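Enquirer: Here it is, the structure in full.
The values are calculated or read from the model by the stated rules, or taken from the named source; none is laboratory data. Here the structure is a predicted model, which means the values were calculated and not measured. Every residue, glycine as well, gets a Cβ built from its backbone with ideal geometry; the counts of neighbours run over all protein chains shown.
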């Protein structure tokens, strides 16, 4: 059974939950950042936990405020708040070089973390990374009626493809997202970026990986497309690719 999480209060006094496995201190710490309405008990987070323990690698997974085992109201959350949550936990419980792994929305937050801690983040690995998703969802996926309803009611409630509970997106989330856009200018991060993306992804278009790469330096970004991969990329064959890439990164960064 998974042990209980550690908890640390953020600057607003909200208790943030995390689990830290301490491995070989001469190697980088892997940090996993989950997606929207996901948490550190998801299949990819647990897969990396097992891999880290097996390979004696330090590994941090966490829940943003309003997610999983952390306190706070989900509807109060924004990209800015959840990025600050991630940074707060990372800064307080880890040291040394980092490999940041972000899934879906965690890919946006992970890239923001990388730009804000460039001296520590040695590589960013995105799994169906979705930077700027609030902008393209608002501009391209919502109807005029949905946008109007979201502004009027302060939130938009729609059926979820992954849960019996509906998806909820607040107007504050969309508005705050404008302050954290990454794809409208060069991304200020100089270390390697690896992007895993399924070409059968119905939630985050695979072409987004190319848009991320276009805002990075030439040859900085490696894109790995999985032809039949869907959004979650949680099948055994998907996780095997993730494992191979993480293993290579740890070895590269650990080189003297």
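Enquirer: For the range 175-212, which positions are in contact with a strand residue (DSSP E or B) (Cβ under 9 Å, 6 or more places away or on another chain), crowded, with 20+ Cβ neighbours inside 10 Å and not in a loop (DSSP other than H, G, I, E, B)?
Expert: Hits for the range 175-212 are 193, 194, 195, 196, 197, 198, 208, 209, 212.
To keep it simple, each residue is scored yes or no on (1) in contact with a strand residue (DSSP E or B) (Cβ under 9 Å, 6 or more places away or on another chain); (2) closer than 25 Å to residue 192 by Cβ.
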{"site": "36", "(1), (2)": "yes, no"}
{"site": "55", "(1), (2)": "no, yes"}
{"site": "61", "(1), (2)": "yes, yes"}
{"site": "86", "(1), (2)": "yes, yes"}
{"site": "92", "(1), (2)": "yes, no"}
{"site": "102", "(1), (2)": "yes, yes"}
{"site": "109", "(1), (2)": "yes, yes"}
{"site": "128", "(1), (2)": "yes, yes"}
{"site": "136", "(1), (2)": "no, no"}
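Enquirer: Looking at residue 71, is it over 24 Å from residue 204 (Cα atoms) and in contact with a helix residue (DSSP H, G or I) (Cβ under 7 Å, 6 or more places away or on another chain)? Walk me through how you get there before you give the answer.
Expert: On the way: over 24 Å from residue 204 (Cα atoms): yes; in contact with a helix residue (DSSP H, G or I) (Cβ under 7 Å, 6 or more places away or on another chain): no.
So residue 71 fails the test.
Enquirer: Can you say whether residue 215 is surrounded by fewer than 20 Cβ atoms within 10 Å (Cβ to Cβ) and at pLDDT below 95, as far as the supplied structure shows?
Expert: Values: surrounded by fewer than 20 Cβ atoms within 10 Å (Cβ to Cβ): yes; at pLDDT below 95: no.
No.
Enquirer: Across the range 67-94, what is the total count of residues that are in contact (Cβ under 8 Å) with a residue 12 or more places away in the chain and either at positive phi or part of a loop (DSSP other than H, G, I, E, B) (or both)?
Expert: 9
Enquirer: Also, quick follow-up: Among the numbered conditions (1) surrounded by 21 or more Cβ atoms within 10 Å (Cβ to Cβ); (2) in a helix (DSSP H, G or I), tell me where residue 99 comes up short.
Expert: Failed condition: (2).
Enquirer: Looking only at the range 234-252, decide whether some residue is out of contact with any strand residue (DSSP E or B) (no Cβ under 6 Å at 6 or more places or on another chain), outside any helix (DSSP H, G or I) and either surrounded by 13 or more Cβ atoms within 10 Å (Cβ to Cβ) or at pLDDT below 95 (or both).
Expert: Yes, the conditions are met somewhere in the range 234-252.
Enquirer: Applying the selection to the range 157-169, what residues are touching a strand residue (DSSP E or B) at 6+ places or on another chain (Cβ under 6 Å) and either within 27 Å of residue 117 (Cβ to Cβ) or at pLDDT below 95 (or both)?
Expert: Going through the range 157-169, the residues touching a strand residue (DSSP E or B) at 6+ places or on another chain (Cβ under 6 Å) turn out to be 157-158, 160, 166-169.
Scanning the range 157-169 gives 157, 158, 160, 166, 167, 168.
Enquirer: May I ask you to list the residues in the range 49-66 that are over 13 Å from the mean Cα position of the chain (by Cα), closer than 19 Å to residue 111 by Cα and not in a loop (DSSP other than H, G, I, E, B)? Explain how you work it out, then say what you get.
Expert: Within the range 49-66, the subset over 13 Å from the mean Cα position of the chain (by Cα) is 49-59, 65-66.
Narrowing the set further to residues that are closer than 19 Å to residue 111 by Cα leaves 59, 65.
Matches in the range 49-66: 59 only.
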